[in-house]
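Read through the structure below, which is laid out as structure tokens, and then see the notes.
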There are 2 protein chains.
Amino acid sequence: MQIIITGGGGFLGQKLAHALLHSSVAFSELLLVDIQQPHPLADPRVRCLQADLTAPGVAASLISERTAVVYHLAAIVSSHAEQDFELGWQVNLDTTRSLLEACRHARPGIRFVFTSSLAVYGGPLPALVDDATALTPTSSYGAQKAMAELLVNDYSRKGYVDGLALRLPTICVRPGKPNRAASSFVSGLIREPLQGEQTICPVSTDLRLWLSSPATVVSNFLLAATLAKGDGRSINLPGISVTVGEMLDALTQVGGQAARDRVQFVADPAIERIVASWPGRIDNQRASALGFVADGTFASIIDSFITHDLQEAS
Amino acid sequence: MQIIITGGGGFLGQKLAHALLHSSVAFSELLLVDIQQPHPLADPRVRCLQADLTAPGVAASLISERTAVVYHLAAIVSSHAEQDFELGWQVNLDTTRSLLEACRHARPGIRFVFTSSLAVYGGPLPALVDDATALTPTSSYGAQKAMAELLVNDYSRKGYVDGLALRLPTICVRPGKPNRAASSFVSGLIREPLQGEQTICPVSTDLRLWLSSPATVVSNFLLAATLAKGDGRSINLPGISVTVGEMLDALTQVGGQAARDRVQFVADPAIERIVASWPGRIDNQRASALGFVADGTFASIIDSFITHDLQEAS
């Protein structure tokens, strides 16, 4: 029995791989696929593969009758998809479709865990977003994720896959370097100052965000492997609602005024427009009832970063 | 200045073509494209083209700098798309995308009128569906239409086209023969009995439908050519809310008990499931404010059929 992680070389893919290897989920192979050769993991069950999923036939070559779960994490992130229109559609929509087709033809009923995003929402939103809120993306990335959700739903309805589309909160604190997600600065507000580096905040302090730590998202991914039949349902993963100002207050408490002083405000209306179009608060009830979890407080998110990323790396 | 109608050989495309030729909309060419050679119209502005829009390069070959409006009516209808999964995606999603790409590269800002459907809705719905209602299709056709709407919206947001996605009510009375739409029976309930033929009703009399006559839809299409900048908005076209029982009462009034007796009830749970998943009533306010119109009563819909289709044909 095989588990596949696309984007398996990325930070979330690597964390998910580690967690699966130490979990009670049973499998004989864990295949990590990425556009760059994924970092190898010291477990005989792990196989790493460098592959371009947009190339013809690649998706079909990966998935076979023994595939049980596909975690489809590979994506072009929001600002990148806004800048490179073609690439965004190819990776975020067409590759998802190729993988779904491959699953359908390999063995109907493969659990297909698709990572969607808050970016499916946009424009005027109700104070509390819930499952009945219409998807109104205001970025190509959001449109691609919303369309891929519809694909996952339809393939599931037809019985071709057993799909789940998980809408991830903004992940904080993401280790490593800034990326081309519009939300990249969110992690930078904590990650850089705690390591003695300057960072830029492109939005105002009252911007409200919906956040999850990487560890919590990975816990929720593990549940997604074993959850009862998915019916293609889209699920807003639980998060916590925090303003940028509250994040900076927590940073000051942990890192002192010196850390806080490393945050410089340089407004970027394009970034603010995209991130402010995402909901800052979502009704958690349905996801919680299914067993999905959220972090406790933003302070605990910082603690998690220090424990799992700063100290392990040092 | 050119107007293009895909599906221009279909009954709605032909009615739209006639209406455009007799309207105040200014154009030098009206290009009717269809998979079968469209019926020619006696006007020097009309050009008819048999073409398969799913073939590579065809969409791009149609659209040029002089194209002002594209009415994209070509589609695989609901039951057909449910039976032929691949063909549905090719025609209803991929062709829409090819046309949008062709518009983008020919001249940004072409008015792109996409015909969407009630089938973007499904499952448990609020008593009154409005623009804030989430799209939850329960058929491949509905998923394809919902995804194409998202495409039209994103291409419009980027300024590549000036798009409008019009969600059509169920059209009644559709002249001609039954087709492979799940809603095909709706027109059959009136069309066949008024012409002395038997027809089958596969649903219960309390099923509520959201209807528009072809003439009213065509009026709304004309408005869509000249409406102020679209911003890719999705619009639920106005309709009237009528139960199957109310339709049959109107049939009896017009055609007498003899006409009513030509309707035989043979339940088809698959059809009932699809059609019952569509809203039977939609908030008209936004569409009405934009100038879109509905029929007065179901009796007037029957009158329209007798005047425009039965008498013109005879």
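The values are calculated or read from the model by the stated rules, or taken from the named source; none is laboratory data. Since this is a predicted model, take the numbers as computed values, not measurements. Backbone-built Cβ (ideal geometry, glycine too); neighbour counts: all protein chains shown.
Can you name the number of the only condition in (1) within 19 Å of A:Pro238 (Cα to Cα); (2) crowded, with 20+ Cβ neighbours inside 10 Å that A:Ser300 fails?
Only one criterion in (1) within 19 Å of A:Pro238 (Cα to Cα); (2) crowded, with 20+ Cβ neighbours inside 10 Å is unmet by A:Ser300, namely (2).
Report whether or not A:Gly176 is within 14 Å of chain B (Cβ to nearest Cβ) and either of a type outside the set (Val, Ile, Thr) or not in a loop (DSSP other than H, G, I, E, B) (or both).
The answer is no for A:Gly176.
Of everything in the stretch A:130-169 that's surrounded by fewer than 21 Cβ atoms within 10 Å (Cβ to Cβ) and at the interface with chain B (Cβ under 8 Å from one of its Cβ atoms), which residue is farthest from A:Phe112 (Cα to Cα)?
That would be A:Thr138.
Residues of the stretch A:126-144 being at pLDDT 95 or above and in contact with a Pro (Cβ under 7 Å, 6 or more places away or on another chain), which ones?
If the condition is that a residue be at pLDDT 95 or above and in contact with a Pro (Cβ under 7 Å, 6 or more places away or on another chain), then A:Ala143 is the only one that fits.
Let me spell it out: the conditions are (1) away from chain A (no Cβ under 14 Å); (2) more than 24 Å from B:Thr96 (Cβ to Cβ); (3) surrounded by fewer than 20 Cβ atoms within 10 Å (Cβ to Cβ), and B:Leu222 meets all of them except one. Which number is the exception?
The one condition B:Leu222 does not meet is (2).
Select from the stretch A:57-90 the residues that are closer than 21 Å to A:Leu16 by Cβ and under 20 Å from the mean Cα position of the chain (by Cα) and list them in ascending order.
Across the stretch A:57-90, the qualifying residues are A:Val69, A:Val70, A:Tyr71, A:His72, A:Leu73, A:Ala74, A:Ala75, A:Ile76, A:Val77, A:Ser78.
Inside the stretch B:237-279, can you point out the residues that are under 30 Å from B:Gly109 (Cα atoms) and touching a helix residue (DSSP H, G or I) at 6+ places or on another chain (Cβ under 6 Å)?
B:Leu237, B:Pro238
Is there any pair with a first residue in the stretch B:12-29 that is aromatic (Phe, Trp, Tyr) and a second that is surrounded by 15 or more Cβ atoms within 10 Å (Cβ to Cβ) and not in a helix (DSSP H, G or I) whose Cβ atoms are under 6 Å apart and which are 6 or more apart or on different chains, and what are they?
Listed by first residue and then by second, the contacts come to B:Phe27/B:Ile3.
Residue by residue, here is whether (1) under 20 Å from B:Arg174 (Cα atoms); (2) touching a residue at least 60 places away in the same chain (Cβ under 8 Å); (3) touching a Leu at 6+ places or on another chain (Cβ under 8 Å) holds:
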| site | (1), (2), (3) |
| --- | --- |
| B:Gln195 | yes, yes, yes |
| B:Pro238 | yes, yes, no |
| B:Arg262 | yes, yes, no |
| B:Glu272 | yes, yes, yes |
| B:Ile282 | no, yes, yes |
| B:Arg286 | no, yes, no |
| B:Leu290 | no, yes, yes |
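Taking the stretch A:73-82 on its own, how many of its residues are away from chain B (no Cβ under 12 Å) and part of a helix (DSSP H, G or I)?
3
Surrounded by fewer than 24 Cβ atoms within 10 Å (Cβ to Cβ), within 14 Å of chain A (Cβ to nearest Cβ) and at pLDDT 95 or above: does that describe B:Glu101?
yes
Here is a list: A:Thr115, A:Thr54. Which entry is touching a residue at least 12 places away in the same chain (Cβ under 8 Å), under 20 Å from the mean Cα position of the chain (by Cα) and in a strand (DSSP E or B)?
Sole residue among the options that is touching a residue at least 12 places away in the same chain (Cβ under 8 Å), under 20 Å from the mean Cα position of the chain (by Cα) and in a strand (DSSP E or B): A:Thr115.
Those residues that are touching a Pro at 6+ places or on another chain (Cβ under 6 Å), part of a loop (DSSP other than H, G, I, E, B) and polar (S, T, N, Q), I need them from the stretch A:194-239; list them, please.
none
Would you mind telling me which numbered condition in (1) surrounded by 13 or more Cβ atoms within 10 Å (Cβ to Cβ); (2) without any contact (Cβ under 8 Å) to a residue 40 or more places away in the chain B:Glu86 fails?
Only one criterion in (1) surrounded by 13 or more Cβ atoms within 10 Å (Cβ to Cβ); (2) without any contact (Cβ under 8 Å) to a residue 40 or more places away in the chain is unmet by B:Glu86, namely (1).
If you check A:Phe185, A:Phe85, A:Phe114, which single one turns out to be away from every other protein chain (no Cβ under 13 Å), modelled with pLDDT of 95 or more and farther than 27 Å from A:Leu248 by Cα?
Criteria check complete, one pass: A:Phe114.
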